[in-house]
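First comes the structure, then the notes that go with it.
The values are calculated or read from the model by the stated rules, or taken from the named source; none is laboratory data. Given the structure is predicted, the values throughout are model-derived calculations rather than measurements. Here the Cβ is made from the backbone with ideal geometry for all residues, glycine too, and neighbour counts use every protein chain on show. For the accessible areas, the whole protein counts, side chains as well, though only heavy atoms, and no ligand, DNA or RNA atoms are used. Shrake-Rupley method; radii C 1.70, N 1.55, O 1.52, S 1.80 Å.
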Amino acid sequence: MEKIRCGWCEKDDLYRKYHDEEWGKPVFDDKTIFEFLVLESFQAGLSWYTILSKRENFRKAFDDFDYRRIAFYSDEKTEELMQNSGIIRNRFKIKATVSNAQRFMEVQEEYGSFSEYIWGFVGGRPLDNMPETLSDIPAVTKVSDALAKDLKKRGFKFLGSTVVYAHMQATGMVNDHLKSCFIRW
């Protein structure tokens, strides 16, 4: 019997694997949350598929998404990344990643973990939209607006409401699996 999935992921095996194994599963680990923040910020203006297909290159280029190291990247490291054809070579996004790593650690210091901070926007547990069709899934919500506004106030870059909502979906802060999807929990 064939599994019924959310329609957006039926492009190929890479998308299906991501959907089946990661998308929408609650993430509370700061390192993984930071990885998704980086990937989502690079996705701004591009397709998620482009980012997903370059994910391993990003992982290598950005020291396995170690925010403690990224926070101290030099201008020389930025130039090295600008020469890396395996990632999205956008100077503003690379510099934003360095700055966001610094802000990330500031939030950790304030809240004990970034997870504690970000999950506070949804009361510590996933919101469930129970969508029936893909058109039922919003691009932004009041929660993503509030979170994006707070991130901006804290100095984060490339994390507007649409990017933040995609991050919330990816890390399971919101469950947007269709009602018919076999993954639904």
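For this structure, a couple of remarks:
- Selection within the range 24-35: residues that are under 18 Å from His177 (Cα atoms) and of a type outside the set (A, V, I, L, M). The member of this set that is least open to solvent (accessible area, probe 1.4 Å) is Gly24.
- Some residue of the range 138-156 being of a type in the set (Asp, Glu) and assigned to a helix (DSSP H, G or I): yes
- Taking the numbered list (1) in contact with a His (Cβ under 9 Å, 6 or more places away or on another chain); (2) not in a helix (DSSP H, G or I); (3) not β-branched (Val, Ile, Thr) in turn, Lys3 passes all entries but (1).
- Any hit, the range 23-46, residues being out of contact with any helix residue (DSSP H, G or I) (no Cβ under 7 Å at 6 or more places or on another chain), polar (S, T, N, Q) and farther than 20 Å from Asn100 by Cβ: no
- Filtered residues of the range 106-127 (kept if in contact (Cβ under 8 Å) with a residue 12 or more places away in the chain, open to solvent by 50 Å² or more (accessible area, probe 1.4 Å) and not charged (D, E, K, R)): Phe121, Leu127
- All conditions but one from (1) over 27 Å from Ile94 (Cα atoms); (2) surrounded by 17 or more Cβ atoms within 10 Å (Cβ to Cβ) apply to Thr133; the one that does not is (2).
- When the range 40-78 is filtered for residues that are part of a loop (DSSP other than H, G, I, E, B) and surrounded by fewer than 16 Cβ atoms within 10 Å (Cβ to Cβ), the ones remaining, listed by number, are Gly45, Leu46, Ser47, Asp66, Phe72, Ser74.
- A single member of Asn100, Asn129 is at pLDDT below 95, of a type outside the set (Val, Ile, Thr) and at negative phi, and it is Asn129.
- Conditions (1) free of Cβ contacts under 8 Å to residues at least 40 places away in the same chain; (2) farther than 20 Å from Tyr111 by Cα; (3) open to solvent by less than 40 Å² (accessible area, probe 1.4 Å); (4) of a type outside the set (A, V, I, L, M): number failed by Glu21: (3)
- Meets criteria (assigned to a helix (DSSP H, G or I), among the aromatic types (Phe, Trp, Tyr) and under 19 Å from Thr32 (Cβ atoms)) for Phe92: no
- Candidates Phe34, Phe114, Phe72, Phe42 - the one that is more than 20 Å from Lys152 (Cβ to Cβ), aromatic (Phe, Trp, Tyr) and at pLDDT 95 or above: Phe72
Conditions tested, residue by residue: (1) at pLDDT below 95; (2) part of a helix (DSSP H, G or I); (3) in contact with a strand residue (DSSP E or B) (Cβ under 9 Å, 6 or more places away or on another chain); (4) closer than 28 Å to Asn175 by Cβ.
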{"position": "Ser85", "(1), (2), (3), (4)": "no, no, no, no"}
{"position": "Glu109", "(1), (2), (3), (4)": "no, yes, no, no"}
{"position": "Gly120", "(1), (2), (3), (4)": "no, yes, no, yes"}
{"position": "Arg125", "(1), (2), (3), (4)": "no, no, no, yes"}
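- Candidates in the range 151-185 are the residues that are more than 16 Å from the chain's Cα centre (by Cα), under 30 Å from Ala71 (Cα atoms) and among the charged types (D, E, K, R); of these, the one that is least open to solvent (accessible area, probe 1.4 Å) is Arg154.
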